[in-house]
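To keep things clear, I will list the structure first and then write my remarks on it.
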Amino acid sequence: MRSRDEDRIILANLQSDLRIGPKTLHILLQSGLDSYLKHERLINNFNFTKPVRDALRQTKNNFDKDILRTLGKSGIKYLAIFDPEYPELLKKINTPPVGLYVRGDLPVGPYVSIVGNRKISTYGQRVTVDLATKLAAEGIVIASGMALGVDGMAHRASIEAGGKTVAVLAGGADRLYPASHYNLGLSIVNNGAVVSEFPPGTQSLRHHFPIRNRVIAGLSLGTIVIEAEEKSGSLITARSALEENRDVFAVPGSIYSAGSAGPHFLIKMGAKLVHRVEDILLELGLEKSKTQKRARESIADSKEEALILKLLTTEPISFEVLADQIDLDPAAISSTLTLMEMKGRVRNLGNNQFVLVG
């Protein structure tokens, strides 16, 4: 039987060729990756374009068994969609990346994305810092795209507040873009992670940004738009969030500012107007996150509870993921969860999904 390590190596090889897109990768994953390596008919059986068929054959003929080791030497981890650390919310979008290239450590906890204009007003700066700081203080991970303006400011404010943040890039994780945010990128790596679905060495090209934006939205319970023109990339992120049934929030601004056009359009289309951070917390069900954080940090009643409390957050986590990450017999995990539920520390959402409660 093929191991997960072997699957991971195959996926990393396939994903390293930009001609092979997410939909093709999902077809191969569902059809059996060993079939791709062993049988030419798999490539011919599907209605792939000639460039995709050529790329699949070239990858097959130039297979790199050391690809993960090479990535590791450059400080990049390849996280496959079946890995326990792969974000649960991202798995649920229409076509999630089959793998993520990660520098740093993906934080555990609820994610909220903050996006907006590269050219940001004094008002926009104040709002961005205020919201990112207060959300970070609640233990919420701030996701954004490390761009100039709102993105970079949200990352910085989160770090300065002692929080965690994740930057999703439109190029390789080894290319911290834009260059002026190189040092910020290093800070993000040390206080969260820089991630990409594009292989190392990939330039941040224009058509990559909409692809990147769906990942920002997919990681997050909700997306906040601060100052964006009506045709900006931030609205693409908001649209991606709406398509995945995630919450979209918009900060109102002056009717005389071009940067208000995007948020005001979203509000007219049904986005939640943000007046204060409590509006976001209440809508996302995170208003008790401080209490939950204290519960997570409180003294456990047993060794088993302590192991479980380290993983549980306000974001649902499956029993299977807990069993994969905790060095305990599944029966012991199950009985401990039942006891914790009886004490009001854990809630079972059904379908073997669990969350931490205050």
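Restricting attention to segment 63-72, does a residue exist that is within 21 Å of residue 197 (Cβ to Cβ), without any contact (Cβ under 8 Å) to a residue 60 or more places away in the chain and of a type in the set (Lys, Arg)? Yes, segment 63-72 contains a residue that is within 21 Å of residue 197 (Cβ to Cβ), without any contact (Cβ under 8 Å) to a residue 60 or more places away in the chain and of a type in the set (Lys, Arg). Residues that are assigned to a helix (DSSP H, G or I) and of a type outside the set (A, V, I, L, M) within segment 145-160 comprise 151, 152, 155, 156, 158, 160, listed in sequence order. Among residues of segment 214-231 being in contact (Cβ under 8 Å) with a residue 40 or more places away in the chain and out of contact with any strand residue (DSSP E or B) (no Cβ under 8 Å at 6 or more places or on another chain), the one that is farthest from residue 168 (Cα to Cα) is 229.
Among the residues of segment 128-138, write down those that are buried (at least 22 other Cβ atoms within 10 Å of the Cβ) and touching a residue at least 60 places away in the same chain (Cβ under 8 Å). Residues satisfying the conditions are 128, 131, 135, 138. For residue 69, the criteria (1) crowded, with 18+ Cβ neighbours inside 10 Å; (2) under 30 Å from residue 318 (Cα atoms); (3) not hydroxyl-bearing (Ser, Thr, Tyr) hold in every case but one, which is (1). Taking the conditions (1) among the polar types (S, T, N, Q); (2) farther than 15 Å from residue 20 by Cα; (3) in contact with a Pro (Cβ under 6 Å, 6 or more places away or on another chain) in turn, residue 31 satisfies each one other than (3).
Does segment 327-337 include one or more residues that are modelled with pLDDT under 90, of a type in the set (Ser, Thr, Tyr) and either touching a helix residue (DSSP H, G or I) at 6+ places or on another chain (Cβ under 7 Å) or under 24 Å from residue 163 (Cα atoms) (or both)? The answer is no; no qualifying residue exists. Scanning segment 30-39 finds one or more residues that are surrounded by 13 or more Cβ atoms within 10 Å (Cβ to Cβ), within 30 Å of residue 103 (Cβ to Cβ) and aromatic (Phe, Trp, Tyr).
Just one residue in the set 162, 149, 192, 201 is more than 18 Å from the chain's Cα centre (by Cα), crowded, with 20+ Cβ neighbours inside 10 Å and at positive phi; that residue is 149.
The single residue among 307, 242 that is assigned by TED's automatic domain parsing to the domain that holds residue 137 and at pLDDT below 95 turns out to be 242.
Exactly one residue out of 174, 83 is touching a residue at least 24 places away in the same chain (Cβ under 8 Å), assigned by TED's automatic domain parsing to the domain that holds residue 217 and acidic (Asp, Glu), and it is 174.
The values are calculated or read from the model by the stated rules, or taken from the named source; none is laboratory data. Being a predicted model, the structure only gives us computed values, none of them experimental. Please note: Cβ atoms are built from the backbone with ideal geometry, for glycine as well, and neighbour counts cover all protein chains shown.
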